[in-house]
Amino acid sequence: MAQKIVAGNWKMNLQFEEGEALVNEILRGSRASDVAVMVFPTSLYVQSLSEQANGEITVGVQNFNANEKGAFTGEMSISQVESVGASIGLIGHSERRAIFHETDADLKLKVDTAVEKGFKFIFCCGEPLELREAGKEFNFVKTQLEASLFHLSADQLENGIIAYEPVWAIGTGKTASSQQAEEMHAEIRSWITERYSAQIADSVSILYGGSCNNKNAKELFACPNVDGGLIGGAALKAESFLEIINAF
């Protein structure tokens, strides 16, 4: 069975003291012992928050460079972020694709580096509004996965988590209906079955990442193929984030 996961992507939000307080409140308030809780703060906070979380919450990074070292000003390698306590990283978030122009080829390099280093990752995929309206969302997402993820072996794929984030529902207040989310998650699982096996497909966690919040989490998490959420704005406040965690 796929692990149930609730991951909070803080993006470029929260001062350090606010992040510390948030982690403390999550540690005190989480009641879902079978749910893996993750936070992705700014990388500046990783070491302190990892020590504070003491393994009860997984602390990850929002981005990393595919290279081990070199003249890449402002970048961080996997070995560097691991040395301060990060054990997982995001790959291919829609904002990295759109704002920083990361291509499928760039993301494939990151996936390969993560696998080589034994570094866990959440691979993000999802369609923009115009493709959803044109009925091309399934082909688009499948292409993203085939270009950057599905070259892995079955053993390598098990190191990863997939997050479906419809671009039109990120930070817009719009959310895919539970039916729309379930349809895409079911398709993704069927593609894994076709490429690998039903056993592998059942073991890979597929998260929903489009404006999931404390109001809709319970309905979304009730979908058979939705294994949790990659949470944005609702992860910045303990009350709403804990409601999402406890929605399981």
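Any read-out appearing in this document is the output of simple, stated calculations on the displayed coordinates, not a laboratory observation. Quantities reported herein were computed from a predicted structural model and do not represent experimental measurements. Here Cβ is always computed from backbone atoms with ideal geometry, including for glycine, and neighbour counts include all displayed protein chains.
A few notes on this one:
- The chain - percent relative contact order, Cα under 8 Å, separation 6 or more: 23 percent
- Under the Debye formula (equal points on every Cα, no solvent term), log10 I(q)/I(0) of the range 4-245 at q = 0.11 Å⁻¹: -0.53
- Using the Karplus relation 6.51 cos²θ - 1.76 cosθ + 1.60 with θ = phi - 60°, the per-residue 3J(HN,Hα) values for the range 61-71 come to 10, 7, 6, 7, 8, 6, 8, 6, 6, x, 7 Hz, with x marking Gly and Pro.
- One chain, two ends: residue 186 and residue 246. Fully extended at 0.36 nm per residue, the span grows by 19.3 nm beyond their Cα-Cα distance.
- Calculated from backbone phi, Karplus (6.51, -1.76, 1.60) coupling profile of the range 219-232 in Hz, x at Gly/Pro: 5, 5, 6, 6, 5, x, 9, 9, 9, x, x, 9, 9, x
- Net dipole in debye of the range 115-248 [+1 Lys, Arg Cβ; -1 Asp, Glu Cβ; about Cα centre; nearest 20]: 260 debye
- Cross-link pairs beyond the 29 Å C-alpha cut-off, checked among 11/108; 120/142; 69/174; 69/108; 4/117; 117/237: 69/174; 117/237
- For the range 37-137, GluC sites (Glu not before Pro) meeting the loop criterion (DSSP other than H, G, I, E, B) and having at most 16 other Cβ atoms within 10 Å: 56, 68, 75.
- Measuring r between the beta carbons of residue 16 and residue 222 and using R0 = 51 Å, the FRET efficiency lands at 0.90.
- Report summary: the helix-based calculation at 222 nm, which adds -39500 (n - 2.57) for every DSSP H run with n ≥ 4 and divides by the residues of the chain, gives -12000 deg cm²/dmol.
- Going by neighbour counts of Cβ atoms within 10 Å, the residues 38, 76, 12 line up, fewest first, as 12, 76, 38.
- Per-residue Cβ neighbour rank within 10 angstrom, fewest leading, 220, 145: 145, 220
- Residue order, fewest to most surrounding Cβ atoms within 10 angstrom, among 100, 64: 100, 64
- Dipole axis of the range 4-245 (+1 Lys, Arg; -1 Asp, Glu on Cβ), positive-most option in 213, 185, 229: 213
- Sparse-neighbour loop sites [trypsin sites (Lys or Arg not before Pro); the range 27-89; at most 16 other C-beta within 10 Å; DSSP]: 31, 69
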